[in-house]
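Working notes for the structure below.
Bear in mind that the values in this text are calculations on the coordinates, not laboratory data. Remember, predicted model here, so these are calculated numbers, not experimental data. Virtual Cβ from ideal backbone geometry, glycine too; neighbours counted across all protein chains shown.
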Amino acid sequence: LRIGTVPTENVADTGGTVVGTQTSQRDTKRLVRPFRDRRGALATLLRTPLYRFRYRNRAYQDTEFVGILAERSPMFTMDGGRSFNPITASGYAIAAIQELTRRLTCVEHAVASR
């Protein structure tokens, strides 16, 4: 859902401000548990296949994207596997960066102590 001051032309129209699932405040969530599997997140990202693609309906002015296919990366989907889940994908990316930072820090300490 987008809210804007100009009428939309078609379903692929990207004008206006997106509303809805972007809420990230704690009071909108039921926390289950902290995510701590940073190693697993990195491994998942490393084995996730990426593809260059354009949407068949020429959405987004036939822009070429790089991303996943839902069928090949179900952990990064939502809505019954039909659409990309940016929340989980960004969480995995942050966890992977944290793991890489941890590894780099270990290497830096090892080098510094020689």
**Item:** Ordering of 83-90, 46-53 by packing [mean C-beta count within 10 Å, highest first]
**Value:** 83-90, 46-53
**Request:** Please find the FRET efficiency linking Ala43 to Ser83, where r is the Cβ-Cβ separation and R0 is fixed at 25 Å, and quote it to the nearest 0.05.
**Result:** 0.55
**Prompt:** So who's got an amide H within less than 5 Å of the one on Asn85, skipping anything under 5 residues away but keeping other chains? H placed 1.01 Å off N, in plane.
**Reply:** Thr77, Met78
**Request:** Apply the Karplus parameterisation 6.51 cos²θ - 1.76 cosθ + 1.60, with θ equal to phi minus 60°, to every residue of the stretch 71-77 and state each ³J(HN,Hα) to the nearest whole Hz, in sequence, with x for glycine and proline.
**Result:** 5, 9, 9, x, 5, 10, 10
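Specify whether the C-alpha gyration tensor of the stretch 61-100 places it in the rounded, prolate or oblate class, a ≥ b ≥ c being the square roots of the eigenvalues: rounded for a/c under 1.5, otherwise prolate if a/b is larger than b/c and oblate if not.
oblate
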